[in-house]
Amino acid sequence: MAVVENLPSAQTERPIGFGRLKRKEDARFIRGKGTYLDDIRLPGMVHGAILRSPYAHARIVSIDTSRALAHPNVAAVVTAKDLETLGLAWMPTISYDTQAVLAGDKVRFQGQEVAFVIATDEYSANDALALIDVEYEPLPAVVNARKALDPDAPVIRDDKVGQRDNLASPTWEAGDQAATDRAFAEADTVVARDIIYPRCHPAPLETCGMIADFNPETGQLDIYNGNQAPHAHRTVYAHVAGLPEHMIRIRCSDIGGGFGNKVPVYPGYVCAIAGSIVAGVPVKWVENRSENLMSTGFARDYVMRSEMCAKNGKITGLRVDVIADHGAFDSTAQPTKFPAGFFHIVCGSYDLEASHVRVKAVYTNKAPGGVAYRCSFRITEAVYLVERMVDALALEMKVDPIDLRMRSFIAPEQFPYETTTGWTYDSGNYAETMRVAMDIAGYEDLRREQAEKRARGELMGIGVAFFTEGVGAGPRKHMDILGLAMNDGADLRVHPSGKAVVSISCQTQGQGHETTFAQIVAEELGIPPEDVEVRHGDTDRSPYGLGTYGSRSTPVSGAAVAVVSRKVRDKARLIAATMLETRPEDLAWEKGRWYVKGDPEKGALIEEIAARAYSGEPMPAELEGGLDAQVIYDPPNLTYPYGAYIAVVDIDPDTGHVTVRRFIAVDDCGVRINPMIVDGQIHGGLAEGVGIALMEVITFDEEGNCLNSSFMDYLIPTALECPDFELGETVTPCPHHPLGAKGVGESPNVGSPPAIVNAVIDALHETHGVNHIDMPCTPARVWAAMQGRPEPPQ
Amino acid sequence: MNVSISVNGEQVSREIEPRLLLVHFIRETPGLTGTHWGCDTSNCGACVVQMDGEPVKSCTILAAMCEGHEIRTVESLEVGGQLDPVQMGFHEHHALQCGFCTPGMLMTARALLDENPNPTDQEIRTAISGAICRCTGYKNIVSAVRWAAEYEAAAKQEV
């Protein structure tokens, strides 16, 4: 391990296997020695910058680049016309739509890419943008999803043959409409709400960028790019640019956060590649913060209408109608067969009689995206909706929201449980997890405190959310992206010295893979984690796989590493049997060693077996030398982590300002490989949830101007807005994952917004009659709702 | 124009455009890429360095303004193979994930402890509130800074 020895932890906690192992990757980061994209400089490298549209919707009359080309430091200016000659003017999206790399006919959202300048330095490239003259003919803009289908709405995608409206997809359905109608007919309580999950943005602290280095002599394309799925990106570039896949190498070094934002292929990447092909030198393009917020993958933007019903005190049915706002191009990130992602997990943690879900998607003059901001494909929207609806129903029934949940939960003995929309949940004991959260929170005491405060005119709210989500996409029989199975590879090589290299196809953006995956090998083979190098982020040096998003690293790649370790262990057994002159079946395993059953003193350590495997000594019959293996892991099902979250908020009655005073999160993510890293993941997701619930939103004015294009307007919580999170856990191992793990990264982001909004409504319902406030619950929106003027859904 | 700036005790002189930002100066000339850039608007704090001991956002300062000033970056924290206690605390308490905000957080924390060796949790939160961390939810950063404060207090007692 590279961390210097003067740290206390170097002497203390060093588990060989699972446990709170300090991170290997910290050594470089605490010294400022990480290597992020913008830290990389190649000889002869030039810089690109993108001219973007000031209009949300306008016809391009002309583009004149002559003044920019006259700039002494400008090497080239690329427009749609130039890209057309390379066949790169349009690119496919991951949802089988098309997206303009550079706009040629018209611009369709503010911030859309119009021209790409290449200059000797970043400052000159940006100067030259001002020298490009574009004449636009502005068109009316469509920014409201509900109005996008008005008969007189301007058609945004007139580039698509036969497109006569702004419908981006046919209506997609799940569940049973007739059965749901029956459940509602038989119900004794029905509640309805219009609920928006507003557009927000993952906004990783490092923005997106690329260095493309095309070598015209060899035809090799070297790409440096912080993305969450390097192998899938390489395949896309091979298809888009027509370049041979084996001549493309993508290297992701350190990535300054992703959260879904670094899943898609962006026009800037294609421009950098085209620029390097044209200019014959390496081209670096790094977007600025406004470009990141205005043009790269946004999240959510689901306009929902829902009804939920109950009978005899238990939730029985759910109806949901969604308009998904996809922006100008449908580049939502989801598996092919699921045009609304996993949104139909919207039945939540409840044993419903029936449910029915309808989703249709529209084009608007807003940036494309629909990426999963720390989320598995629309699960966040689903969990928010169902958990808001349960609270609405509890208000209507005048029962405690936890009581209603407890009465309606799927019972432990019902697992595996098939939901009314077709998911098979693997395992769970929901009531137990809910009770742990109530104990940590001191739920009864909180309710007493709330009553006392209410009597004094103070506004305090207690909000609950219970989520179940499906992560770890996914089984190849059900799931692919652009035809690529959502599987992941692992390649493990134990060297003659007993030290090992494990290569994985998922891609850390801060999740600590170099530590966690070394711990899996350590747990399975007994090789200390500091002796296991985890290799990733280089398509030439790692096996194929679909990357890191949707909490799939541990469920898929983690399983792959466990399975490949076991393959190596099985091979080691055969070699050990030869060494110990016995039969393999007479050997037993303890961590790091095969020994003879009945004679435990007689055994072979894994490093002794490794040395033998590469030595001149004889190998078992029909066994190749060496100690290595590789696998591709195809998960049999998703994993279904769940959790019980409780938020306690105080609201300033004079300003509407919401303070999250406490936040209790009890997660069941199955077996925890490194509980320290798991806790860290939960803290981070909760902070994002605080942001989404209270601060983070991307909005537009009627002309389609983006109103949140910098961190001055797109507000991200600081240490002052985040409470001192209180965590708890239950452990229900996943029955089909080799380690019993379920994945956790997105759970806190999925579960926390409804808990906070439920707390806000809980604070205001009795005294102010407030039934719903759309996120973010900013002081202005909360105050307006308190005055009986809630902002209507957009 | 020519500037001469002390960066981590070394005098760095070069011709610059007057508009060159300090963050770019630091990253280009001495090539110290530990100082990051994250937002353009002085909100995120990834670019925090110390100027004469005060934490400043180097994306909002022109290199031309730094003539005659002492700039310290994250690369100066480790001395002779000995990590600064704030660096140790961040490792001990898992106060970093992607690592992008870490240099700015470390320089902010170092400045806090130099001025206030025994801060309360609320004082730590206020001190780092000019910086955004998207990964940790800040809880472990607060613990890490407190750990560093206690470590330094214990070390002083031993002397």
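For this structure, a couple of remarks:
- Of all aspartates and glutamates in the structure, the ones whose alpha carbon falls short of 17 Å from that of A:K477, not counting any fewer than 8 places away in one chain, are A:D488, A:D634.
- In straight-distance terms, cross-link reach from A:K591 covers every one of the lysines whose alpha-carbon lies under 19 Å from its own, apart from those fewer than eight places away in the same chain; here that gives A:K499, A:K567, A:K571, A:K602.
- Estimated D of region A:111-167 in µm² per second, where Rh is the Kirkwood radius over Cα pairs and Stokes-Einstein applies at 4 °C, 1.567 mPa s: 89 µm²/s
- Difference of contour (0.36 nm per residue) and Cα-Cα distance, A:E601 to A:H765: 52.0 nm
- Kirkwood hydrodynamic radius of the protein assembly as shown, from inverse mean 1/r over distinct Cα pairs, in Å: 29.0 Å
- Sorting the Cα pairs of region A:194-342 by distance into bins of 5 Å, from 0 upward, gives 2, 8, 15, 18, 15, 13, 9, 6, 5, 4, 3, 2, 1, 0, 0, 0 percent per bin.
- Calculated FRET value between A:R59 and A:L86, using beta carbons and R₀ = 35 Å, to 0.05: 0.90
- Within 10 Å of each Cβ in B:121-128, the average number of Cβ atoms from other chains: 2
- Chain B - Debye-derived log10 I(q)/I(0), Cα point model, q = 0.17 Å⁻¹: -0.95
- Sorted by Cβ neighbour density within 10 Å, fewest at the top, the residues B:E115, B:E28, A:E307: B:E115, B:E28, A:E307
- Shielding by other protein chains, A:700-712, mean Cβ within 10 Å: 1
- Neighbour counts of other Cβ atoms within 10 Å put A:E25, A:E581, A:E387 in the fewest-to-most order A:E581, A:E25, A:E387.
- With a simple spin-label model that places each label point 7 Å from the Cα along the Cα-to-Cβ direction, the separation between A:L149 and A:E396 comes to 2.3 nm.
- Partners for A:K311 among lysines (Cα-Cα distance below 29 Å; same-chain residues under 8 apart left out): A:K398
- DSSP beta bridge pairing in the protein assembly as shown, given as percent antiparallel to the nearest 5: 80 percent
- The phi-based Karplus calculation (6.51 cos²θ - 1.76 cosθ + 1.60; θ = phi - 60°) puts the 3J(HN,Hα) values of region A:481-489 at 10, 6, x, 9, 4, 8, 10, 9, x Hz, whole numbers, x for Gly and Pro.
- Rounded to the nearest 20 debye, the dipole size of region A:26-151 about its Cα centre is 360 debye, using +1 on the Cβ of Lys and Arg and -1 on the Cβ of Asp and Glu.
- Kirkwood hydrodynamic radius (C-alpha pairs) into Stokes-Einstein, region A:554-690, 37 °C and 0.692 mPa s, D in µm²/s: 170 µm²/s
- Region A:444-460 - phi-based ³J(HN,Hα) in whole Hz, Karplus 6.51/-1.76/1.60, Gly and Pro as x: 5, 4, 5, 5, 5, 4, 4, 5, 5, 5, 4, 5, 8, x, 8, 10, 10
- With the alpha-carbon atoms of region A:76-126 aligned to their principal axes, the span from lowest to highest coordinate is 36, 26, 21 Å, starting with the largest.
- Radius 13 Å from Cβ of A:G598, net charge of other residues (Lys, Arg +1; Asp, Glu -1): -1
- Based on alpha-carbon atoms, the Kirkwood radius and the radius of gyration of region A:488-633 give Rg/Rh equal to 1.01.
- For A:T35, A:T582, order by how many other beta-carbon atoms lie within 10 Å, fewest first: A:T35, A:T582
- Cα Rg, Dmax (largest Cα-Cα span) when computed across region A:123-202, Å: 22.0, 69
- Label separation (B:V159 vs A:A451): 5.8 nm, computed from points 7 Å beyond Cα along the C-beta direction.
- In sequence order, region A:575-587 has phi-based couplings of 5, 4, 4, 5, 4, 9, 6, 9, 8, x, 5, 8, 9 Hz under the Karplus curve 6.51 cos²θ - 1.76 cosθ + 1.60, θ = phi - 60°, and Gly or Pro positions carry x.
- The local environment of A:M786, defined by Cβ-Cβ distances under 11 Å, has a net charge of 0 under the rule Lys, Arg +1 and Asp, Glu -1.
- Seen from every direction in turn and averaged, the convex hull around the alpha carbons of region B:2-76 projects onto 4.2 nm².
- Restriction of the GluC sites (Glu not before Pro) in region A:639-719 to DSSP coil positions whose beta-carbon has at most 12 other beta-carbons within 10 angstrom yields A:E702.
- Taking other residues whose beta carbon is less than 14 angstrom from the beta carbon of A:I756, and scoring Lys, Arg as +1 and Asp, Glu as -1, yields -4.
- Principal axis dimensions, region B:85-158 - Cα atoms, whole angstrom, descending: 36, 22, 17
Each value in this text was obtained by applying a stated rule to the coordinates, not by laboratory testing. Note that the coordinates shown come from a computational prediction; the quantities given were computed from them, not determined experimentally. In this analysis, Cβ positions are derived from the backbone assuming ideal geometry, glycine residues included, and neighbour counts consider all displayed protein chains.
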